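Report on the following structure.
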Amino acid sequence: MSDRSVPKTIPSRIAGQPREGDGARLPVIYPADETQVSELCEAGPEMVDAAVKAARQSFETGPWRRMSTDARGAVMRRVQQLITDHADELAWLECLNTGLPMARMRQTHMPRAAYNFGIFAEAASHVAGQVFTQDPRYLTTVIREPVGVAALMTPWNAPVPLTSMKIAAAIAFGNSCVVKPSELTPLAVSRMIELIELAGVPEGVVNLVNGRGQVTGQALVNHDDVDLISFTGGTATGRAIAAAAGQRLVPVTMELGGKSANIVFETADLDRALDGALLGIFSNNGQQCLAGSRILLHRSIADAFIERFVARVAALRIGDPMDPNTEIGPLVSAVHRDHVLSFAKDLGEDRLLAGGVSRPGKGFYIEPTAVLAASNASYRAQTEMFGPFATFLVFDTVDEAIAMANDSRYGLAAYVWTEHLPTALQCTRDIRAGVIWVNTPMMRELRAPFGGYKDSGIGREGTQDCLHFYTEPKTATYAVEDMPLVRMGMPT
Ligand code: NAD
């Protein structure tokens with residue numbers, strides 16, 4: 001750790017003011033050495049109500065939604081600049097709270113968070129309505145209006161990039177919001193919200209409530225005055241939230257779990273495929289919804305590929321996440337470490353290739369792990385573990401690979417490695433997943449939809465999809481000429 005200062009407490013923030021309240025106090029932990037670095041002040045239902053009221057008031061009476069998109073865009077670009085200016089500090093706070101490697105925080109996560117505000121400012125500036133003149137006696141216009149108060153709920157695996165994406169998308173189109181990040185990782189998100197306020201986003205447009213899902217999250221989801229819910233997290237939580245939202249007919253987007261296939265054909269550039277497979281499962285400490293956690297290998301290359309993969313696993317630099325050379329840090333919590341390691345027990349017919357144990361000493365570390373599964377029916381091939389744990393499978397034909405990829409309750413992403421164009425095209429056509437990466441891992445084009453099929457979610461994030469989610473269309477029809485109307489109540 002360095003001598004940068006960490007706030008003693010992490011309060012909620014309502015209409016620009018810190019609010020500690022009298023709810024539970026929860027420790028905020030540095031996962032690399034298990035020390036407590038701060039204390040989260042949990043928001044109970046009353047505080048959540050105050051946050052929703054502040055958001056509602058700003059939406060109904062404040063300037064934000066009435067501003068021109070150019071003026072709103074200028075404020076959003078100031079947020080982008082402030083995040084850029086404070087990227088070192090934010091990266092440090094994020095690393096301190098998540099154990100994610102500093103290098104990745106600084107080079108990828110913080111620039112992405114800043115960019116989220118820029119790209120949504122740009123998207124909002126291009127919004128245009130529709131005009132229908134098919135019947136020349138009428139002019140029909142469609143404009144899009146902000147919906148109101150959005151509840152934005154996020155997990156712990158990439159707090160600043162994921163939360164900033166939701167905030168930028170909601171406010172770019174004129175909404176107000178209440179943000180509920182994971183109780184495990186509130187540090188950097190809380191600082192980012194201060195920067196959003198500093199940039200000139202008006203009071204009450206972005207409010208923060210901190211606390212556990214069962215307390216703060218539920219109070220927010222069940223609040224009568226929330227108009228929209230955007231959730232990223234686990235599938236079971238998403239299902240419960242969507243059910244509650246359904247009772248009130250509140251629209252939701254759900255970015256949920258995954259068990260994505262990373263398919264390496266014998267026609268692949270195997271060096272690139274190996275790099276891609278390692279990145280797909282071990283980057284972000286293996287804690288990614290879009291991880292390529294099922295690595296499907298053509299039988300003819302399987303043994304050699306696994307041998308090279310295991311050799312690279314042995315050489316991974318695991319350790320202090322603050323060290324710029326570290327590639328893998330600790331998992332987020334002791335509970336999560338034990339959960340991931342539980343998959344390395346009772347292997348049955350699956351074969352352990354690497355890891356499977358925790359690292360001695362302080363911190364929630366595990367050895368990066370790989371298993372060769374006896375079949376795709378193995379629960380190691382079917383269950384999202386959300387850790388540095390690769391499950392290998394072997395196939396013989398393209399059809400078999402595609403069938404295996406699809407034999408999953410999830411459908412978030414798929415990775416395809418081949419230099420043979422028809423194979424790539426067949427996979428893209430037939431795999432049921434929201435995102436297919438061909439010969440590249442994890443490229444996010446923020447203008448394009450991102451999200452999952454099946455249990456991986458409902459709806460998509462991306463500039464166009466967010467425009468549709470965060471706005472309501474309003475249709476107005478004008479008579480262009482005085483046409484005779486049926487005159488009810490007149491004598492016949
Ligand atoms: P989680 O579902 O436990 O928690 C996510 C958020 O929901 C947290 O803020 C939590 O406090 C809150 N929450 C929990 N229970 C709640 C309840 N009953 N009511 C209201 N809110 C509640 O998920 P997690 O463990 O923080 O994150 C890991 C999961 O997130 C993984 O399954 C992963 O795949 C998923 N994820 C998905 C994406 C995506 O884009 N598809 C991205 C990142 C993570």
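Averaging the sequence gap over all C-alpha pairs within less than 8 Å and six or more residues apart, then dividing by the number of residues, gives the chain a relative contact order of 18 percent. Calculated FRET efficiency, N439 to R308, Cβ-Cβ distance, R0 = 22 Å: about 0.75 to the nearest 0.05.
Put in order of Cβ neighbour count within 10 Å, fewest first, the listed residues S342, S333 become S342, S333. Farthest towards the positive end of the charge dipole of the chain, among the residues F120, G452, S5, is the Cα of F120, using unit charges on the Cβ of Lys, Arg, Asp and Glu.
Shape class for the stretch 11-54: prolate, because the ratio a/c of the largest to smallest gyration tensor axis (alpha-carbon atoms, square roots of eigenvalues) is 1.5 or more and a/b beats b/c.
Loop-located trypsin sites (Lys or Arg not before Pro) across the stretch 133-169 with a Cβ neighbour count of 11 or fewer within 10 Å are R137, with loop assigned by DSSP.
What the Cα convex hull of the stretch 201-262 gives, in volume per residue, is 126 Å³. Between T492 and H468, the simple spin-label model (points 7 angstrom out along Cα→Cβ) gives 4.7 nm.
Out of every Cα-Cα pair that the stretch 261-438 contains, those further apart than 26 angstrom amount to 25 percent. Backbone phi angles across the stretch 192-198, fed through the Karplus curve with coefficients 6.51, -1.76 and 1.60 (θ = phi - 60°), yield HN-Hα couplings of 4, 5, 4, 5, 4, 5, 4 Hz in residue order; Gly and Pro are listed as x. Net charge in the neighbourhood of A71 (other residues with Cβ under 13 Å of its Cβ; Lys, Arg +1, Asp, Glu -1) is +4. Coupling constants for the stretch 201-209 follow from the phi torsions by the Karplus curve (6.51 cos²θ - 1.76 cosθ + 1.60, θ = phi - 60°), and in residue order they are 5, x, 3, x, 6, 10, 10, 10, 10 Hz; glycine and proline get x. For the stretch 67-83, 3J(HN,Hα) computed residue by residue from phi via the Karplus equation (6.51, -1.76, 1.60; θ = phi - 60°) reads 6, 5, 5, 5, 5, 4, x, 5, 5, 5, 6, 5, 4, 4, 5, 5, 5 Hz, glycine and proline entered as x.
Sorted ascending by nearby beta carbons within 10 Å, beginning with the fewest, L297, L139 become L139, L297. What is the sum of charges around I83, taking Lys and Arg as +1, Asp and Glu as -1, for the other residues whose C-beta is under 15 Å from the C-beta of I83? So the environment of I83 carries a net charge of 0. For the stretch 400-471, taking Cα atoms only, Rg and Dmax work out to 13.2, 42 Å respectively. Residues whose amide H comes within less than 5 Å of that of L40, counting only those at least five positions distant or on another chain, are I10, L26, V28 (H built at 1.01 Å from N in the peptide plane). Ordering R351, R337 by the number of other Cβ atoms within 10 Å of each residue's own Cβ, fewest first, gives R351, R337. Taking a point 7 Å from the Cα of N406 along the Cα-to-Cβ direction, the residues of the stretch 453-490 with backbone N closer than 19 Å to it are 453-457.
Applying the criteria of a DSSP loop state and at most 16 other Cβ atoms within 10 Å to the trypsin sites (Lys or Arg not before Pro) of the stretch 200-260 yields R248. The length gained on full extension between K8 and E46, counted as 0.36 nm times the residue separation minus their Cα-Cα distance, comes to 11.4 nm. Label-to-label distance for R239 and D269 is 4.2 nm, based on points extended 7 Å past Cα in the beta-carbon direction. On the principal axes of its alpha-carbon atoms, the chain has extents of 88, 56, 38 Å, going from largest to smallest.
Here r is the Cβ-Cβ distance between R299 and H420 and R0 is 22 Å; the resulting FRET efficiency, rounded to 0.05, is 0.85.
Within the shell defined by Cβ-Cβ distances under 15 Å, the residues around L290 carry a net charge of +2, with Lys and Arg each +1 and Asp and Glu each -1. The amide H of L296, built 1.01 Å from its N in the peptide plane, has N262, I263, V264, L393 as neighbours under 5 Å, considering only residues 5 or more places off or on other chains. In this structure, the amide hydrogen of A390, modeled 1.01 Å from its nitrogen in the peptide plane, lies closer than 5 angstrom to those of T369, A370, V371, counting only residues at least 5 positions away or on a different chain.
Residues within the reach of a label modelled at A334 (point 7 angstrom out along Cα to beta-carbon, backbone nitrogen below 14 Å), restricted to the stretch 158-174: there are none. Backbone N atoms of the stretch 309-329 closer than 15 Å to the 7 Å Cα→Cβ label point of D88 belong to residues 324. Number of Lys-Lys pairs in the chain under 20 Å by Cα, sequence gap 8 or more or different chains? Lysine pairs meeting both conditions in the chain amount to 6. D by Stokes-Einstein for the stretch 256-319, Kirkwood Rh over Cα pairs, 4 °C, 1.567 mPa s: 106 µm²/s. Can you give the relative contact order of the stretch 261-438 as a percent, counting alpha carbon pairs under 8 Å and 6+ residues apart? Relative contact order of the stretch 261-438: 28 percent. Relative to the current alpha-carbon distance between E60 and V127, full extension at 0.36 nm per residue lengthens the span by 22.0 nm. Stokes-Einstein, applied to the Kirkwood radius of the stretch 25-75 over Cα pairs at a viscosity of 1.306 mPa s and 10 °C, places its translational diffusion at 111 µm² s⁻¹.
Each reported figure results from applying straightforward, stated rules to the coordinates on display, with no laboratory input. Since we're looking at a predicted model, the values are computed, not measured. All Cβ positions, glycine included, derive from the backbone under ideal geometry; neighbour counts span all protein chains shown.
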